[in-house]
1. Give me the number: length gained by fully extending Lys128 to Lys70, i.e. 0.36 nm times residue separation minus the C-alpha to C-alpha distance, one decimal in nm.
2. For Thr144, enumerate residues with amide H under 5 Å from its amide H, sequence gap 5+ or separate chain, H modeled in the peptide plane.
3. Starting with the highest mean, order 336-347, 172-183 by the number of other Cβ atoms within 10 Å, averaged over the residues of each peptide.
4. Along the charge dipole of the range 5-232, which of Ile119, Leu166, Pro104 sits closest to the positive end, that is, farthest toward it, with unit charges on the beta carbon of Lys, Arg, Asp and Glu (+1, +1, -1, -1)?
5. For the range 223-231, just list the computed ³J(HN,Hα) in residue order, Karplus coefficients 6.51, -1.76 and 1.60, θ = phi - 60°, integers in Hz, with x standing in for Gly and Pro.
6. Find out how many positive minus negative residues lie around His229, taking Lys and Arg as positive, Asp and Glu as negative, among other residues whose Cβ is under 13 Å from that of His229.
7. Can you tell me the FRET efficiency between Asp63 and Leu332 if r is taken as the Cβ-Cβ distance and R0 is 56 Å, rounded to the nearest 0.05?
8. So in the chain, what percent of DSSP beta bridges are antiparallel if you round to the nearest 5?
Amino acid sequence: MFASSSDATRAEPSNGEWSPPSLSIIVPSFNERENIEALFHKLDEALVGIPFEMIVVDDNSPDGSAEETKRLAQKYSNIRCIRRFDRRGLSSACIEGMASAASPLVAVIDADHQHDERILPKMVEAMKDGADLVVGSRYTADATADAGFSSLRLKGSHLATWLASLVTGRPISDPMSGFFIVRRDRFDEVAPHLSKEGFKILLDIIVVCRRNDIELDIREIPYQFRSRHAGESKMNSLVVVQFLGLWLSQLTGGRLPASFLLFSLVGLSGVAVHMAALGLLTMIFHQIFVVGQIVATISAMTWNFFLNNSLTYSDRRLKGPALWKGLIGFCLICSLGGIANISVASAIFEFGHQVPIAGLAGALMSSVFNYSVTRIFTWK
Ligand code: GDD
Ligand code: MN
């Protein structure tokens, strides 16, 4: 038998007894070494009679989660490890894991045991009953998230759930869940359109299906969200801002990518930095406006570069020597963007349009230019 015998190693494909997994379980992992083996045994225990494989997608965690997974894969043939370098991101890890799966059903579960794997057979049952997507929910009548969340995090989660309901267009109690099963053929249909940024893979699958008129029979199974087994959560303010970027992008029907919206928000914050620096410098060197303007411009560009590097492009963050090369390239590109801004704004002004319109058109022109060109050369 392929799965469901916690004591034995798995049969080899050549001995005739092997049956393919009907469920691929994707486990995104960053610094989860202490959780992986115990999670596998819990899955094995819960999934009696359901052939499964566990695919850990690890972003080269410093704690050696990938080595640990590979050690286990030598023991159990239904464990695989995808190890990614120079990349970070929960959604993109899930997408790569799901894209590598061959089973007809694909699940995602966190490595830290917060999701109750014992409801997986019920979730599989609902899939066999005709569902396209089954969500493990912390927020239906019989479920709770109290044990796994602080009260502040719980409030934030409720707010995010409400914001999400505005873009899903249907009542789903936990669209931010990181625990679900989807039919692989459905996933394969939407995969090319999914956002690789942030944490919200499930929400994105639902919204992209809606946008492409793909029918989804969604069911929810309640469970009690547990506290983390070992290690620490990777949720932080960056993830929250990334969620807002994705949400705004979904509000535009996906026409504006989340990365462009985040890039523009960063640009706006750069204007504040510019004005503050300019104010300070003209106070110090009152006569020499141009010195203040040059230093303020460089400060704003540097600010924008570092903020984009850790927020907009956190999944492909530049480090070491590439960081400094990236900063110089970014400043050069944005200087060209500045020239484009001034030329477009002046031309529009000369055509007789009002100052605010000309100014706005110039600013828009340079954001599109800076965004597109730095995406090609700086954050490839
Ligand atoms: N490969 C990879 N890369 N995995 C990651 C990354 C990353 O950059 N960041 C987090 N993970 C993995 C963690 O190792 C864990 O297995 C899982 O993703 C969830 O991360 P946590 O850090 O434990 O998130 P959480 O518990 O705070 O958030 C949970 O609730 C959110 C909604 O409130 C998760 O279930 C999220 O998926 C969910 O959206
Ligand atoms: Mn967690």
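Since every read-out is calculated from the coordinates, none of them should be taken as a lab result. Keep in mind that what you see is a predicted model, and the values were worked out from it rather than measured. Neighbour counts are summed over all protein chains in view; Cβ atoms, including those assigned to glycine, are modelled from backbone coordinates with ideal geometry.
1. 17.7 nm is the gain from fully extending Lys128 to Lys70.
2. Here the answer is Tyr223, Gln224, Phe225, since their amide H atoms fall under 5 Å of that of Thr144.
3. Going from most to least packed, we get 172-183, 336-347.
4. Leu166
5. 7, 8, 5, 9, 7, 4, 6, 9, x
6. After counting each charged neighbour, the total is -4.
7. 0.90
8. Bridges in the chain are about 25 percent antiparallel.
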